[in-house]
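Structure record follows, encoded as structure tokens.
The values are calculated or read from the model by the stated rules, or taken from the named source; none is laboratory data. Please read these numbers as outputs of a predicted model, since none were measured by experiment. Note that we place each Cβ from the backbone using ideal geometry, even for glycine, and neighbour counts take in every protein chain shown.
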Amino acid sequence: MRVCFFGGYNPGYIRNVIIKKGLIKNGVEVVECHTKSKFKFWLRYPILFFQHLKFFLIKYDFIFVPAFRHKDVPLAKLLGFLTNKPVVFDPLVSRYETKVVDQKKVAPYSMQARHNFRIDKLSFKLADIVLADTFAHADYYAREFGIDRSKFSRVPVGVPDELFSLFKARGEEKNRKESNFLVQFYGSFLPLQGIEHIVRAARIVETKDRAIRFELIGSGQTFPMIKKLAEELGLKNIVLRDWVPFNELPEVVSRAHICLGIFGNTEKALRVVPNKVFQCLSFKKPVITGRTPAILEYFVDRENIFLCEGANADSLANAIMLLKDNEELRRRIAENGYKLIQENFTSELIGKQVKEILSKTLV
């Protein structure tokens, strides 16, 4: 099998790396027809079209449009028609929901909102196969945009294999010497992550156990609001840190006793399992995250993850203190979570799932 990765995608984005390397590890040859995403379509389309001319000689079986490249699906479909090859699209998110509903960067019912809705619908309609990271996401795409549900196949986010080697080399054997109990979050400070609930939980915890410290790592849309909230509450048990390089992540996370997932109550938050949940479990860390339909697709509460109620600072604070006082439960969740990742969510296993989905089309 040969797959052509196509469009203005980011070759270093984790989802794209996992699928590409996973396919290669399963004996699939990957070729690429790629240009920079910053080019407008009237420039990007001609570049991609002429790049693609060589593939009329170098045959492939599928044209694959990676994460976030909704706008490249129409050209992929045209080229797929000319070469008689199916188009596979891995959207990861809805442009409309992300910009209008979740991040609120675009006003509802505006021309831009309608434009993004149409882009979503057209890309899902034109693709022959659409990947979704959860069943909940696939159900949403089908319902919201009027697309046949049978077109969607679930492929979880997973973790890049590099994290395992980095963890073993830099994080696994590191002894924690901190006198305090560290609860850690890292992320891009998106609304769906509900970081304000972590801050409010920290205030509750501070009144009950001053040995528990919080570390919030990253930056993004809600960072100014989070910083202001922590200052207004006068919290002494929170440290805000900037992003750390990806290759330093295992060492940084190795200091944590508990890692945090997401706690928002937006519709999108209910349908996703973020990278950080998979990654922190791959570092053998117990993870607390909000109870959502998406999380329950893959994980079992108190067996390989610890769930609290979303958008509920009291519930999160209680979960943190319960785990802090129960070392055996923390250890069991961490070990079971690590085992689950190794058995289901490595790039090789993700690639195997994608290959099986594609193989059904070739039959």
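Brief remarks follow.
- Tally, over the range 231-271, of residues that are in a helix (DSSP H, G or I), crowded, with 21+ Cβ neighbours inside 10 Å and not hydrophobic (A, V, I, L, M, F, W, C): 1
- Against the test of being of a type in the set (Lys, Arg), surrounded by fewer than 17 Cβ atoms within 10 Å (Cβ to Cβ) and in the same structural domain as Asp90 (by TED's automatic domain parsing), the options Lys25, Lys21, Lys54 yield a single qualifying residue, Lys54.
- Residue match in the range 119-127 (condition: among the acidic types (Asp, Glu) and either over 27 Å from Gly12 (Cβ atoms) or in contact with a strand residue (DSSP E or B) (Cβ under 9 Å, 6 or more places away or on another chain) (or both)): no
- Only one of the numbered conditions (1) surrounded by fewer than 17 Cβ atoms within 10 Å (Cβ to Cβ); (2) in contact (Cβ under 8 Å) with a residue 60 or more places away in the chain; (3) touching a strand residue (DSSP E or B) at 6+ places or on another chain (Cβ under 8 Å) is violated by Phe64, and that is (1).
- Residue ID - surrounded by the fewest Cβ atoms within 10 Å (Cβ to Cβ), chosen from residues in the range 272-283 that are modelled with pLDDT under 95 and part of a loop (DSSP other than H, G, I, E, B): Pro274
- Selected residue (only one of Arg200, Arg176 is out of contact with any Gly (no Cβ under 8 Å at 6 or more places or on another chain), basic (Lys, Arg), modelled with pLDDT under 95 and assigned by TED's automatic domain parsing to the domain that holds Phe246): Arg176
- Some residue of the range 138-151 being within 25 Å of Phe278 (Cβ to Cβ), among the hydrophobic types (A, V, I, L, M, F, W, C), assigned by TED's automatic domain parsing to the domain that holds Pro91 and at pLDDT 95 or above: yes
- In the range 296-317, residue nearest to the chain's Cα centre (by Cα) [restricted to those that are under 18 Å from Asn344 (Cα atoms) and without any contact (Cβ under 8 Å) to a residue 24 or more places away in the chain]: Leu296
- Of all residues in the range 291-298, none satisfies being of a type in the set (A, V, I, L, M, F, W, C), surrounded by 23 or more Cβ atoms within 10 Å (Cβ to Cβ) and modelled with pLDDT under 95.
- Any chance Leu126 is touching a residue at least 24 places away in the same chain (Cβ under 8 Å), outside the structural domain of Leu281 (by TED's automatic domain parsing) and at negative phi: yes
- Enumeration of residues in the range 78-95 that are among the small types (Gly, Ala, Ser) and over 26 Å from Arg154 (Cβ atoms): none
- Yes/no for Glu303 being part of a loop (DSSP other than H, G, I, E, B) and of a type in the set (D, E, K, R): yes
- Residue match in the range 333-342 (condition: in contact (Cβ under 8 Å) with a residue 24 or more places away in the chain, touching a Gly at 6+ places or on another chain (Cβ under 6 Å), assigned by TED's automatic domain parsing to the domain that holds Thr207 and over 22 Å from Arg210 (Cα atoms)): no
- In the range 322-363, the residues that are hydrophobic (A, V, I, L, M, F, W, C) and crowded, with 17+ Cβ neighbours inside 10 Å: Leu323, Ile333, Ala334, Leu340, Ile341, Phe345, Leu349, Ile350, Val354, Leu358
- Residue match in the range 112-120 (condition: surrounded by 15 or more Cβ atoms within 10 Å (Cβ to Cβ) and under 29 Å from Arg291 (Cα atoms)): yes
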